[in-house]
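Chemist: Dumping the structure here so I can ask a few things about it.
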């Protein structure tokens, strides 16, 4: 017999709680057991007047609304509030009853403006601390990488900005466009190509991740991921043209501050293969699994690798054994020059440098010895190093793929560096909560199958993991 469903819904009252209408395995129910934002009210209290004005939206409810949207890939406030009107799980997760009016979407915008990026960074850091306490983080091996986030601007907003305009707007810069003191080289005779900037979001810069693709206005997210469970340990957002290699050392410091543990091994791609990075990681006793870039070579010019560098005596010898002495210093390192008489009679002159030069000069950058050791290590790379680098590729690039495909980080939702940073912090927070909730659920299943006393055992584990007092964990489990 063919069934028939009565679609009339005359019931006004339902004899159950809102929680009972949500499936037990729903992601928001799982996350609710591990998410603790009780500290947030005191964190933002100073931003509000305590004696006048109408009461604000509860800070925890506002953040829970944002997180619920990111869990489902809803990053626009207007769309989120429309979904929350009909989505029971979002209402319950944020603490709103069925008959309770939800806040306007613009209220979430004003909250972000009032709090700033720093408060959202603290929310992200709290999730890292919870993951550390739960044993999801070992901080021994950390994978570091960067990815581009397309800015929320149109191509029509891009305008050319000429060098003369930059000089006028920066009067404290070098006068007349002259190079700063200590910079070598001939003065530029050809005008520099005008730089394109967006009128609607000037902090977004044109860049690309591949030479075969066109440049787009973007921001750059620098991410550090723990090897054990893929927990995001650090997130930072810069303009798109910022070099990821220059961010590495500051990122290591933030990782150790967030986790309270020393990093002993770090993997990254060749974009981080700066000689200074190798040297400073060595001094910090961090094993760097970073493939060095190929040495730049120019036709008719002897590569630097053919010159022998004596760091103890600060001397360089050319392939024929002639001595090059230090002739100058700049920010990147030291210049070494050969005697003109030696170069004039050298049999390798035609292969070493161009005919217009009187003698050969080479630049030894800071950390050059560490770079040479990295090249030798790469040449005889061990099976363990190759395995770690393969793991780096799927671990940290998988995090970027997850953030972009599931949580809306492929494109910035709002404009300005601080707005994009908040979006990145919330995305990383959501991914860490997913891993924490998954661990909680796996341990719950294992202990319930082994003992049949899942609630009390799981509550004790949650208390020891720093998720709250034992009574609080028991109440969350009962939910």
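The values are calculated or read from the model by the stated rules, or taken from the named source; none is laboratory data. The model shown is predicted, which means the values in this text are computed figures rather than measured ones. Here the Cβ is made from the backbone with ideal geometry for all residues, glycine too, and neighbour counts use every protein chain on show.
Chemist: If you go through region 378-401, how many residues are buried (at least 17 other Cβ atoms within 10 Å of the Cβ) and over 14 Å from residue 229 (Cα atoms)?
Modeler: 3
Chemist: Would a scan of region 325-335 turn up a residue that is buried (at least 16 other Cβ atoms within 10 Å of the Cβ) and in a helix (DSSP H, G or I)?
Modeler: Checked against the condition, which is being buried (at least 16 other Cβ atoms within 10 Å of the Cβ) and in a helix (DSSP H, G or I), region 325-335 yields no hits at all.
Chemist: Can you name the residue in region 294-313 that is in contact with a helix residue (DSSP H, G or I) (Cβ under 7 Å, 6 or more places away or on another chain) and crowded, with 16+ Cβ neighbours inside 10 Å and is also nearest to residue 368 (Cα to Cα) among such residues?
Modeler: 309
Chemist: Test residue 316 against the criterion of being in contact with a strand residue (DSSP E or B) (Cβ under 7 Å, 6 or more places away or on another chain), surrounded by 13 or more Cβ atoms within 10 Å (Cβ to Cβ) and assigned by TED's automatic domain parsing to the domain that holds residue 331, and give yes or no.
Modeler: Values: in contact with a strand residue (DSSP E or B) (Cβ under 7 Å, 6 or more places away or on another chain): yes; surrounded by 13 or more Cβ atoms within 10 Å (Cβ to Cβ): yes; assigned by TED's automatic domain parsing to the domain that holds residue 331: yes.
For residue 316, the condition - in contact with a strand residue (DSSP E or B) (Cβ under 7 Å, 6 or more places away or on another chain), surrounded by 13 or more Cβ atoms within 10 Å (Cβ to Cβ) and assigned by TED's automatic domain parsing to the domain that holds residue 331 - is met.
Chemist: Would a scan of region 387-406 turn up a residue that is outside any loop (DSSP other than H, G, I, E, B) and under 30 Å from residue 321 (Cβ atoms)?
Modeler: Checked region 387-406: no residue is outside any loop (DSSP other than H, G, I, E, B) and under 30 Å from residue 321 (Cβ atoms).
Chemist: Further, regarding this structure: Quick check, is residue 263 surrounded by 21 or more Cβ atoms within 10 Å (Cβ to Cβ), at pLDDT 90 or above, in contact with a strand residue (DSSP E or B) (Cβ under 9 Å, 6 or more places away or on another chain) and part of a strand (DSSP E or B)? Can you show your working first?
Modeler: Working: surrounded by 21 or more Cβ atoms within 10 Å (Cβ to Cβ): yes; at pLDDT 90 or above: yes; in contact with a strand residue (DSSP E or B) (Cβ under 9 Å, 6 or more places away or on another chain): yes; part of a strand (DSSP E or B): no.
No; evaluated as a whole, the condition is false for this residue.
Chemist: Continuing with the same structure: Which residues, counting only those in region 295-317, are under 27 Å from residue 356 (Cα atoms), assigned to a loop (DSSP other than H, G, I, E, B) and either under 36 Å from the mean Cα position of the chain (by Cα) or in contact (Cβ under 8 Å) with a residue 40 or more places away in the chain (or both)?
Modeler: Once the filter is applied, which keeps residues that are under 27 Å from residue 356 (Cα atoms), assigned to a loop (DSSP other than H, G, I, E, B) and either under 36 Å from the mean Cα position of the chain (by Cα) or in contact (Cβ under 8 Å) with a residue 40 or more places away in the chain (or both), region 295-317 yields 295, 296, 297, 298, 300, 301, 302, 303, 307.
Chemist: If you don't mind, another one. Go over the candidates 139, 151 one by one and state the one that is touching a residue at least 60 places away in the same chain (Cβ under 8 Å) and farther than 30 Å from residue 262 by Cβ. Show your work before the answer.
Modeler: Numbers: 139 fails: farther than 30 Å from residue 262 by Cβ.
Only one candidate qualifies: 151.
Chemist: Same structure again: Spot the failing condition for residue 89; the list is (1) without any contact (Cβ under 8 Å) to a residue 60 or more places away in the chain; (2) surrounded by 14 or more Cβ atoms within 10 Å (Cβ to Cβ); (3) not in a loop (DSSP other than H, G, I, E, B), and only one is missed.
Modeler: (1)
Chemist: Go over the candidates 442, 433 one by one and state the one that is in a helix (DSSP H, G or I), at pLDDT below 90 and either under 16 Å from residue 34 (Cβ atoms) or not assigned by TED's automatic domain parsing to the domain that holds residue 64 (or both). If you could, list the steps in order and put the result at the bottom.
Modeler: Numbers: 433 fails: at pLDDT below 90.
Result of the check over 442, 433: 442.
Here is a yes/no grid of residues against (1) in contact with a strand residue (DSSP E or B) (Cβ under 6 Å, 6 or more places away or on another chain); (2) assigned to a strand (DSSP E or B); (3) without any contact (Cβ under 8 Å) to a residue 24 or more places away in the chain:
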site: 209; (1), (2), (3): yes, no, no
site: 219; (1), (2), (3): yes, yes, no
site: 222; (1), (2), (3): yes, yes, no
site: 230; (1), (2), (3): no, no, no
site: 234; (1), (2), (3): yes, yes, no
site: 238; (1), (2), (3): yes, yes, no
site: 246; (1), (2), (3): no, no, no
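Chemist: Working carefully through the options 108, 136, find the one that is part of a helix (DSSP H, G or I), in contact with a helix residue (DSSP H, G or I) (Cβ under 8 Å, 6 or more places away or on another chain) and surrounded by 15 or more Cβ atoms within 10 Å (Cβ to Cβ). Full working, then the answer.
Modeler: Numbers: 136 fails: part of a helix (DSSP H, G or I).
Residue meeting the stated conditions: 108.
Chemist: Determine whether region 320-327 contains at least one residue that is over 30 Å from residue 267 (Cβ atoms) and outside the structural domain of residue 352 (by TED's automatic domain parsing).
Modeler: no
Chemist: In the set 97, 19, which member is touching a residue at least 24 places away in the same chain (Cβ under 8 Å) and part of a loop (DSSP other than H, G, I, E, B)? Steps first, please.
Modeler: Details: 19 fails: part of a loop (DSSP other than H, G, I, E, B).
The conditions single out 97.
Chemist: Then there is this: Here are the criteria: (1) part of a helix (DSSP H, G or I); (2) farther than 17 Å from residue 272 by Cα; (3) in contact with a helix residue (DSSP H, G or I) (Cβ under 8 Å, 6 or more places away or on another chain); (4) modelled with pLDDT under 90. Tell me which single one residue 362 does not satisfy.
Modeler: The failed condition is (1).
Chemist: Please find, among 411, 388, 332, 347, the residue that is in contact with a strand residue (DSSP E or B) (Cβ under 8 Å, 6 or more places away or on another chain), in contact (Cβ under 8 Å) with a residue 24 or more places away in the chain and farther than 29 Å from residue 278 by Cα. Give the derivation first.
Modeler: Details: 388 fails: farther than 29 Å from residue 278 by Cα; 332 fails: farther than 29 Å from residue 278 by Cα; 347 fails: in contact with a strand residue (DSSP E or B) (Cβ under 8 Å, 6 or more places away or on another chain).
Result: 411 is the single residue among 411, 388, 332, 347 that is in contact with a strand residue (DSSP E or B) (Cβ under 8 Å, 6 or more places away or on another chain), in contact (Cβ under 8 Å) with a residue 24 or more places away in the chain and farther than 29 Å from residue 278 by Cα.
Chemist: Which of the following residues is modelled with pLDDT under 90 and in a loop (DSSP other than H, G, I, E, B): 160, 181?
Modeler: Working: 160 fails: in a loop (DSSP other than H, G, I, E, B).
One residue alone meets the criteria, 181.
Chemist: Checking residue 285 against (1) outside any loop (DSSP other than H, G, I, E, B); (2) surrounded by fewer than 18 Cβ atoms within 10 Å (Cβ to Cβ), which single condition isn't satisfied?
Modeler: Every listed condition holds for residue 285 apart from (1).
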